[in-house]
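Undergrad: Below are the structure tokens for one structure; questions will follow.
The values are calculated or read from the model by the stated rules, or taken from the named source; none is laboratory data. Everything numeric in this text was worked out from a predicted model, so none of it was measured. We place every Cβ from the backbone using ideal geometry, glycine too, and count neighbours over all the protein chains shown.
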Amino acid sequence: MYRTAKGEEIFVIDGHTHFWDGSPANQKNIHGKQFIECFYAYHSNLSPPSEKWEKEKFEKYDAKTMFDDLFVAGYDDMAILQPTYLTDFYKNGFNTTERNSAMKKSHPDRFILNGAFDPRDGNKGLEDLHALSEKHKLKGVKLYTAEWRGESKGYKLSDKDSYKYLEAAQKLGIKNIHVHKGPTIIPLNRDAFDVADIDDVATSFQDLNFIVEHCGLPRLDDFCWIATQETNVYAGIAVALPFIHSRPGYFAHVISELLFWIGPDKILYGSDYGIWTPKWLIDKFMAFEIPADITKETGSVLTMENKTKILGLNAARLYGIDVEAQKKKIKAGGGYAHLSEAVHAPA
Amino acid sequence: MSKHVTDDLLEPHRQVESGQVEVRPAEVWACLRGVMDPELDESVVDLNFVTRADVDLRNRVHIEFRLPTYWCAANFSFLMADDMRRAVSMLDWVEGVSVVLGEHMYADKINAGLAQGLSFQETFGVEADGDLDDLRRTFLLKAFQRRQVALLNHLTGIGHPPETIVALTLAELDCLPVNDEGARLRRRYLERRDVVGRVRGNFPAFVDAAGSPLKVDGFAAYVSGLRRVGVNAEFNSALCRGLLSVRFDLETPFVPTTRASLSTAEAQQQQSRRP
């Protein structure tokens, strides 16, 4: 919960969090080591110096640290756990639905647990998706179309096999398809960068929402074009948001383009925890205004209303969260007991 | 590449038979400066990707480079290496070029392919779909658009209305009075103007990606559309520079000119400091 100086309460849903284990003990090979190091480079490069973690903490943090960073020190009210399996790199996987489910189990009112699938897993994968959905009552999945697997260098959502999975998701009530279209996670080929497959499936699956994580970076330009044409395509701003500290000018450009092309109702905040933490991201975001020269170009303004939508209301709509009811639940569980000290009040 | 073998040959001071010898490393660096990261449309030298470019006694050039992440796309990596080799091979005294990529998930594979002069397709076999020419074309087009919108914004900013801008021929654009910044943007744009069609003095200066002349009608919307391309490229560039600086413990922003003036010994020292 973020409270403004005037006392307005802003309900925050963090669209992108992880509970990973990237520790050396869990690394299967050099790729596992390089993967967490790459994440750590993102963290080190874009965090303010005071927010930098030691490498060891970054590799593996415990549940309490995560809870405190998100909900006590941070302003998140709820957080979506997005899995990243990477079972080729990590013995027990990097950040599986199973691992994340421990967080959800301990704090059911705080977390939304998402699953994952990979259309290359065939019928067995479809069965697994059914079982996973049944067990966790999934409302969303996170997909990595660029993941290389054996001979395959990624897949497209528009592939025949992907359609089968999306049809299954639709039947199972998994409405929110988060697709990682962002900075490289696994070596990519040309097509894996492409966001055109989003266009195809967004048209074919009108009942599903496609949340393009990292707003298509490094293909923001193509993404904006597609998202403009499809009503069910959204932008997750994890990775773009931390630029608000190191390169506020670039962040201003990106957010103003997103507002211009796809509008304030289709942008979702995400911290990408543990790469970055909600406290400083939201402090900076709430204090941020798009500079006048950029507003002159795009006409985009980051009003309080827009900020409120981006930080929580848009995700609440996608995940069917009744904000007032949820606030009551969290309050009843003592979730806001810390607020008198921790709340931020801008000068 | 076996490093100690080439190091034995790196004794530039003994190559005194011709005054040209001393300028050869500078010529190599000048060629490399013209090689762009296709995605960022910035020089691989300015981005600080190139860690070494030496000329040995047999006039062979040895280039080493690395990228912001272990995961950078294999095809982009290959493309840059290929472009470096092509660019340096244009120098008439060059007897051979080796390009080696360091600290990358596919370094071994890419380096083996480069050493054997294979294409990306041949190097990666079934894992590669589509050849690099399409990719190169896509990014040249983006570079053209990004450079065009920068110049259009500049010209609009100094008071030229759309009517004037769309009517300019290439020859007229070339003569248009502009300040240093304008001249730089114009030069960059003209370098990529041939991506979308033939270039002659009496041809329109400003055409779209399909080669059709821009029109007054819809000019503002066209410029808005291109703005996305520029913002995207700047964002990527900031990300890549930042990641590289963390990965190799460099400082941003880089001062690429110091790189070119490093002696071999210093360059090697710098290499040995890298993790």
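Undergrad: Which of the following residues is surrounded by 16 or more Cβ atoms within 10 Å (Cβ to Cβ) and either in contact with a strand residue (DSSP E or B) (Cβ under 6 Å, 6 or more places away or on another chain) or not aromatic (Phe, Trp, Tyr) (or both): A:Ala41, A:Ala5?
TA: Numbers: A:Ala5 fails: surrounded by 16 or more Cβ atoms within 10 Å (Cβ to Cβ).
Matching residue, one of A:Ala41, A:Ala5: A:Ala41.
Undergrad: Just to be sure, is B:Ala81 more than 14 Å from chain A (Cβ to nearest Cβ), crowded, with 21+ Cβ neighbours inside 10 Å and in contact (Cβ under 8 Å) with a residue 12 or more places away in the chain?
TA: It is true that B:Ala81 is more than 14 Å from chain A (Cβ to nearest Cβ), crowded, with 21+ Cβ neighbours inside 10 Å and in contact (Cβ under 8 Å) with a residue 12 or more places away in the chain.
Undergrad: Being of a type in the set (A, V, I, L, M) and buried (at least 17 other Cβ atoms within 10 Å of the Cβ) is the filter here, so list the residues in segment A:73-85 that pass it. Break it down stepwise before answering.
TA: Restricting attention to segment A:73-85, the residues satisfying the condition of being of a type in the set (A, V, I, L, M) are A:73, A:78-81.
Correct list: A:Met78, A:Ala79, A:Ile80, A:Leu81.
Undergrad: Go through B:Val149, B:Val178, B:Val166 for me and flag whichever is surrounded by 15 or more Cβ atoms within 10 Å (Cβ to Cβ), outside any helix (DSSP H, G or I), aliphatic (A, V, I, L, M) and outside the structural domain of B:Phe78 (by TED's automatic domain parsing).
TA: B:Val178
Undergrad: Turning to a different aspect of this structure: Need the failing condition index for A:Cys224 against (1) more than 11 Å from chain B (Cβ to nearest Cβ); (2) touching a Leu at 6+ places or on another chain (Cβ under 9 Å); (3) crowded, with 22+ Cβ neighbours inside 10 Å, just the number.
TA: Single failed check for A:Cys224: (1).
Undergrad: For residues that are out of contact with any Phe, Trp or Tyr (no Cβ under 7 Å at 6 or more places or on another chain) and among the aliphatic types (A, V, I, L, M), scanning just segment A:127-142, find the one that is farthest from A:Ala196 (Cα to Cα).
TA: By that ranking, first place goes to A:Ala131.
Undergrad: Residues in segment A:228-246 that are buried (at least 19 other Cβ atoms within 10 Å of the Cβ) and within 11 Å of another protein chain (Cβ to nearest Cβ): how many?
TA: Summing the residues that are buried (at least 19 other Cβ atoms within 10 Å of the Cβ) and within 11 Å of another protein chain (Cβ to nearest Cβ) in segment A:228-246 gives 4.
Undergrad: Continuing with the same structure: Just give me the residues in segment A:30-82 being out of contact with any helix residue (DSSP H, G or I) (no Cβ under 9 Å at 6 or more places or on another chain) and within 11 Å of another protein chain (Cβ to nearest Cβ), in sequence order.
TA: Correct list: A:Ile30, A:His31, A:Gln34, A:Phe35.
Undergrad: Same structure, new question: Determine the pairs where a residue that is more than 10 Å from every other protein chain (Cβ to nearest Cβ) and more than 16 Å from B:Pro68 (Cα to Cα), located within segment B:104-117, has a partner that is of a type in the set (Asp, Glu) and in a helix (DSSP H, G or I) with Cβ atoms under 7 Å apart, the partner being 6 or more residues away or on another chain.
TA: As it stands, the answer is B:Gly113/B:Glu122, since those pairs meet every condition given.
Undergrad: Let me ask something additional. Among A:Phe71, A:Phe89, A:Phe67, A:Phe94, which is the only one that is aromatic (Phe, Trp, Tyr), in contact with a Gly (Cβ under 9 Å, 6 or more places away or on another chain) and closer than 23 Å to A:Tyr319 by Cβ?
TA: A:Phe71 is the lone residue from the list that is aromatic (Phe, Trp, Tyr), in contact with a Gly (Cβ under 9 Å, 6 or more places away or on another chain) and closer than 23 Å to A:Tyr319 by Cβ.
Undergrad: Residue under question is A:Trp20, and the condition is that it be out of contact with any Lys or Arg (no Cβ under 7 Å at 6 or more places or on another chain) and more than 14 Å from chain B (Cβ to nearest Cβ); does it hold? Even if it seems obvious, please write down each step before you answer.
TA: Details: out of contact with any Lys or Arg (no Cβ under 7 Å at 6 or more places or on another chain): yes; more than 14 Å from chain B (Cβ to nearest Cβ): yes.
So A:Trp20 fits the description; yes.
Undergrad: Now a separate question. Kindly establish whether A:Phe89 is surrounded by 21 or more Cβ atoms within 10 Å (Cβ to Cβ), more than 20 Å from the chain's Cα centre (by Cα) and within 14 Å of chain B (Cβ to nearest Cβ).
TA: yes
Undergrad: Only one of A:Lys329, A:Lys284 is out of contact with any strand residue (DSSP E or B) (no Cβ under 8 Å at 6 or more places or on another chain), more than 14 Å from chain B (Cβ to nearest Cβ) and either in contact (Cβ under 8 Å) with a residue 60 or more places away in the chain or aromatic (Phe, Trp, Tyr) (or both). Can you tell me which?
TA: One residue alone meets the criteria, A:Lys329.
Undergrad: Go through the residues of segment B:198-216 one by one and say whether even a single one is surrounded by fewer than 19 Cβ atoms within 10 Å (Cβ to Cβ), at pLDDT below 90 and more than 14 Å from chain A (Cβ to nearest Cβ).
TA: The answer is yes; a qualifying residue exists.
Undergrad: Next question, about the same structure. Among the residues of segment B:228-247, which ones are more than 7 Å from chain A (Cβ to nearest Cβ) and not small (Gly, Ala, Ser)?
TA: Within segment B:228-247, B:Cys240, B:Arg241, B:Leu244 qualify.
Undergrad: Something else now. I need a count of the residues in segment A:247-281 that are away from every other protein chain (no Cβ under 14 Å) and out of contact with any His (no Cβ under 9 Å at 6 or more places or on another chain).
TA: The qualifying residues number 7.
Undergrad: Going through A:Cys224, A:Cys215 one at a time, which residue ends up being in contact (Cβ under 8 Å) with a residue 24 or more places away in the chain, under 16 Å from the mean Cα position of the chain (by Cα) and part of a helix (DSSP H, G or I)?
TA: A:Cys215
Undergrad: Go through (1) part of a helix (DSSP H, G or I); (2) at positive phi and name the single condition A:His253 misses.
TA: Here A:His253 meets the rest and fails (2).
Undergrad: Here is a check on your reading of the model: is A:Asp265 acidic (Asp, Glu), part of a helix (DSSP H, G or I) and crowded, with 24+ Cβ neighbours inside 10 Å?
TA: So A:Asp265 does not fit the description; no.
Undergrad: Right, here's the next one. Would you call A:Val141 away from chain B (no Cβ under 14 Å), within 22 Å of A:Ile112 (Cβ to Cβ) and modelled with pLDDT under 95? If you could, list the steps in order and put the result at the bottom.
TA: On the way: away from chain B (no Cβ under 14 Å): yes; within 22 Å of A:Ile112 (Cβ to Cβ): yes; modelled with pLDDT under 95: no.
The answer is no for A:Val141.
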